[in-house]
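Written below as structure tokens is the structure these notes are about.
The values are calculated or read from the model by the stated rules, or taken from the named source; none is laboratory data. Just so it is clear, the structure is predicted and the values come from calculations on it, not from any experiment. Cβ atoms come from the backbone with ideal geometry, glycine included; neighbour counts cover every protein chain shown.
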Amino acid sequence: MTGTQVVLALDQLGTVTFALNGAMTASRRVRLDIVGVLALGVITAIGGGLIRDVLLGATPPAALEHWYYLAAAGAGAAAAWVIARPPRALHRVIVVLDAIGLSVFCVTGAHKAIELGLQPAPAILLGAITAVGGGTLRDVLVGDVPSVLTSELYAIPALAGATVAVLAGTSNAAAPAAVVGAVLCFAIRMVGVHFDLNAPARDPHAAPTEE
Amino acid sequence: MTGTQVVLALDQLGTVTFALNGAMTASRRVRLDIVGVLALGVITAIGGGLIRDVLLGATPPAALEHWYYLAAAGAGAAAAWVIARPPRALHRVIVVLDAIGLSVFCVTGAHKAIELGLQPAPAILLGAITAVGGGTLRDVLVGDVPSVLTSELYAIPALAGATVAVLAGTSNAAAPAAVVGAVLCFAIRMVGVHFDLNAPARDPHAAPTEE
Amino acid sequence: MTGTQVVLALDQLGTVTFALNGAMTASRRVRLDIVGVLALGVITAIGGGLIRDVLLGATPPAALEHWYYLAAAGAGAAAAWVIARPPRALHRVIVVLDAIGLSVFCVTGAHKAIELGLQPAPAILLGAITAVGGGTLRDVLVGDVPSVLTSELYAIPALAGATVAVLAGTSNAAAPAAVVGAVLCFAIRMVGVHFDLNAPARDPHAAPTEE
């Protein structure tokens, strides 16, 4: 397997996992029919990449051009419908798989942005958007404030991974930089999950509420 | 009238109807000013096509390039503002007109996706997105979970119509395939409305709710 | 300073202000962590321009191509995080700065749409979308119905300013038309704020609520 094949394989793994996790998360929040479960799973999986590709003008987006993205996303979402009530033991597996998806997407997203000519800062941003965009769309569609905006270390590891991929990747070392970026993202995310870390927050009730 | 003219006329009819129905639906949910009523009517009518064209890279989108889309959408939304309280008898008419819009948009959306080089599976998806995308944007803007994700047969007839248009349309028979697809979509939708059919659903309270 | 430099300077001032105001408004509504405050500030500031550029096919969008947009937006959002509890006296300043942002964005947005070949009506619409799009995205992300759809004179001054810029700007007088449009937008907005004017509205409880 070449490096590109490894990335592509990880990308598909991330897509399946995001779809599975996204469909399950959405199903726990509101009553959805089968269309809703499948749609939200697929949107969680490919939504971040769609936003990235639309912003880059790379249309039609990769997820609509290559059959395996929709197949992977559809398979993950369908599995969520079939499983319905995941056993408790599966939760930990899902969290790990989701972190893998996050790590792969922030790096591949940033890499694509650089390839299409963006400067480092917006490329890092697009890497993070690729990683968190699908879950954000899902949360908005089920009527929640996106969890990425309120709690946990979720965007921060994605930004860290994308930063390594972009800054180290401008040299000749795109492939190792991508691996280091993804591993860093995964490590920060799992440390955050394990110790239940949150980014500093502002409570609206502590601020004057008149407008 | 040629076939293209018939499609264009139906497209305008669908646009007017979606705007009328969209503005009325939004007005029943939350308090809106005239800007809100007009904006939500227009977004319901042209939102699905905007999403399709942006994803296809067909910019500027048709709805912003040809004056008659904005005119039709604006007229429908303005009518909703003027009517304000539709008489009960009008509801049935609106449901039928909305089903016509759904049927036309799923077929024309899929057709455009094929023309711009997409594979069958994403083209079918884009056809359905064209049909349900505007209503989804409206529901998100007024703070509701999009009804297409929760109940009724709405996305399924759009997917069925788009599938016929795409699969039968790859041969020499694009025009008759479009007609058959639209009629199939309309038939499934009206059967669903008449018998109050819903797609199978998952109740979140039946699933473990801890996360 | 040439006219273009003046416009660019005002554009940056609008970006900083929108980010500051957007981040503060979002923080008053829901509990956000630092990622959420910064993200919502940046989205408020550059979201309208992103929507405009994506619809126009002008990708990558200006806000991702020129470093100063992200820098200005990030600075405004970071200031909102640091200030946290704005003193009462600052509120009036923020309202004025926000009105400046609205006035600049509606004119520059409409101008770009005309330059890229759109007809007057969609160009006016895109001008208004540039001005109100960022705040709309912010409101949707924090789970509110966008205030632009429900109350106050906010979209109407933007539409008025864009209309002047487009209609007067088709002649040789793009620069003065832009100034007059922006001043008109600012004047209507400040009159609306001062007298607490609202666009006419429809109360959903006055209409039949069955569906």
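Quick look at the values:
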read-out: Complete set of residues in region B:76-92 that are out of contact with any helix residue (DSSP H, G or I) (no Cβ under 9 Å at 6 or more places or on another chain) and at pLDDT below 80; value: B:PRO87, B:ARG88, B:ALA89, B:HIS91
read-out: Pairs with Cβ under 7 Å, 6+ apart, first in region C:185-199 and within 13 Å of another protein chain (Cβ to nearest Cβ) and under 8 Å from C:ALA99 (Cβ atoms), second in a helix (DSSP H, G or I) and not charged (D, E, K, R); value: C:VAL193/C:VAL95
read-out: Matching option when the condition is buried (at least 20 other Cβ atoms within 10 Å of the Cβ) and either modelled with pLDDT of 85 or more or over 30 Å from A:SER147 (Cβ atoms) (or both), among C:ALA187, C:ALA174, C:ALA182; value: C:ALA182
read-out: Test: residue in region A:1-12 that is among the charged types (D, E, K, R) and touching a Leu at 6+ places or on another chain (Cβ under 6 Å); value: no
read-out: Qualifying residue in region C:21-32 (condition: more than 10 Å from chain A (Cβ to nearest Cβ) and either of a type in the set (A, V, I, L, M) or within 17 Å of the chain's Cα centre (by Cα) (or both)); value: yes
read-out: Some residue of region B:161-175 being in contact with a Cys (Cβ under 6 Å, 6 or more places away or on another chain), part of a helix (DSSP H, G or I), within 14 Å of chain A (Cβ to nearest Cβ) and over 28 Å from B:VAL37 (Cα atoms); value: yes
read-out: Odd one out for B:ILE46, checked against (1) under 12 Å from the mean Cα position of the chain (by Cα); (2) at pLDDT below 90; (3) of a type outside the set (Asp, Glu); (4) closer than 30 Å to C:LEU153 by Cβ; value: (2)
read-out: Of all residues making up region B:58-99, the number that are without any contact (Cβ under 8 Å) to a residue 12 or more places away in the chain and either surrounded by fewer than 19 Cβ atoms within 10 Å (Cβ to Cβ) or touching a His at 6+ places or on another chain (Cβ under 8 Å) (or both); value: 13
read-out: Whichever residue in region A:135-148 is facing chain C (nearest Cβ under 10 Å) and assigned to a helix (DSSP H, G or I) and, among such residues, is modelled with the lowest pLDDT; value: A:SER147
read-out: Which numbered condition C:SER151 fails, given (1) farther than 29 Å from A:PRO200 by Cβ; (2) at the interface with chain B (Cβ under 9 Å from one of its Cβ atoms); (3) in a helix (DSSP H, G or I); (4) among the polar types (S, T, N, Q); value: (3)
read-out: Hits in region C:50-74 (condition: more than 7 Å from every other protein chain (Cβ to nearest Cβ) and more than 17 Å from the chain's Cα centre (by Cα)); value: C:ALA58, C:GLU65, C:HIS66, C:TYR68, C:ALA71
read-out: Failed item in (1) more than 7 Å from chain B (Cβ to nearest Cβ); (2) surrounded by fewer than 24 Cβ atoms within 10 Å (Cβ to Cβ); (3) not polar (S, T, N, Q), with A:GLY41 passing the rest; value: (2)
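To keep it simple, each residue is scored yes or no on (1) away from chain B (no Cβ under 12 Å); (2) over 16 Å from the mean Cα position of the chain (by Cα).
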| position | (1), (2) |
| --- | --- |
| C:ASP98 | yes, no |
| C:VAL104 | yes, no |
| C:GLN119 | no, yes |
| C:LEU125 | no, no |
| C:ALA131 | yes, no |
